[in-house]
Amino acid sequence: MPAGSRLFICLRPSLPGILAWGAILWGAAANAAPFPHRLHLGMGIRCLTCHPNAATSTKVEDNLLPTRQACQGCHDNVEIPAPPATKLTKFSHALHLGMGNVAPFLAAAIDHKTYFQTPGADLPWIRSHLNSGNPCEACHRGLEESDRVAPVNLPQMPDCLVCHAKIEAPFSCWDCHSQEANLKPANHTANFMDTHSSGKLALDKSTCALCHGRTFRCMGCH
């Protein structure tokens, strides 16, 4: 048997192995938490097996990380980190899961070019990952190939705006974001009104539309 295959069938690995693998799983990283969703999903484990609280969660502050008991079915020793901080004020997993799989709605928005694109986003990659029958992967895309939880695997604001399309910045920002969230882009400095009206910034209005709405007009604010 190839040594590499033991990882998939070893249900109770040794403690030294757990500690070494745990260093990889939960090691500090600037923008990603090491964890092999690819491995666990490949074994046929369902999302709600490890994240059972997601089905009934109605608050953004709910802890949806796997429970120690969920991990101990296969692992002798495991440390669960604290949930990451969030600056959202509201979100209901129960409500969204109750709607079924929203992936077709997101895919249709991309196909009809009504999907807001975050600067730097890879729309073909996003579109290619909206064919899964798993409703969780509509918003948490790419987990079946992920060894590190990264921002690309988390819901993006354009996903929300497919349905929540009423934008009245800056007033509507606080419907979902906390007052402490720093939502202004880096170029929105104190002298932004002077510099952006000069034409020297060569602004791409498609990036402005993410916060100001698709039909925004400069004179709507000024």
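For every residue, the table says whether it meets (1) among the polar types (S, T, N, Q); (2) over 25 Å from Phe216 (Cβ atoms).
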residue: Pro66; (1), (2): no, yes
residue: Ala70; (1), (2): no, yes
residue: Ser92; (1), (2): yes, yes
residue: Ala103; (1), (2): no, yes
residue: Asp111; (1), (2): no, no
residue: Ser132; (1), (2): yes, yes
residue: Pro158; (1), (2): no, no
residue: Pro170; (1), (2): no, no
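Residues of the range 158-177 that are under 30 Å from His37 (Cα atoms), surrounded by 14 or more Cβ atoms within 10 Å (Cβ to Cβ) and not β-branched (Val, Ile, Thr): Pro158, Asp159, Cys160, Leu161, Cys176, His177. If only residues of the range 97-129 that are among the aliphatic types (A, V, I, L, M) and either at pLDDT below 90 or more than 24 Å from Gly213 (Cα to Cα) (or both) are counted, the one that is farthest from the chain's Cα centre (by Cα) is Met99. Remark: Ala94 falls outside the filter, which requires a residue to be within 18 Å of the chain's Cα centre (by Cα), in a helix (DSSP H, G or I), surrounded by 13 or more Cβ atoms within 10 Å (Cβ to Cβ) and modelled with pLDDT under 95. Within the group Ala70, Ala55, which residue is farther than 30 Å from Trp125 by Cα and assigned by TED's automatic domain parsing to the domain that holds His140? Selected residue: Ala70, the only one of Ala70, Ala55 that is farther than 30 Å from Trp125 by Cα and assigned by TED's automatic domain parsing to the domain that holds His140. Scan the range 58-87 for residues that are exposed (fewer than 13 other Cβ atoms within 10 Å of the Cβ), at pLDDT below 90 and closer than 24 Å to Gly98 by Cα and the total you get is 2.
Taking the condition of being part of a loop (DSSP other than H, G, I, E, B) and not acidic (Asp, Glu), how many residues in the range 155-182 meet it?
Going through the range 155-182 one residue at a time, the tally reaches 16.
The values are calculated or read from the model by the stated rules, or taken from the named source; none is laboratory data. Source: prediction; values computed, not measured. Positions of Cβ are backbone-derived with ideal geometry, glycine not excepted, and every protein chain shown enters the neighbour counts.
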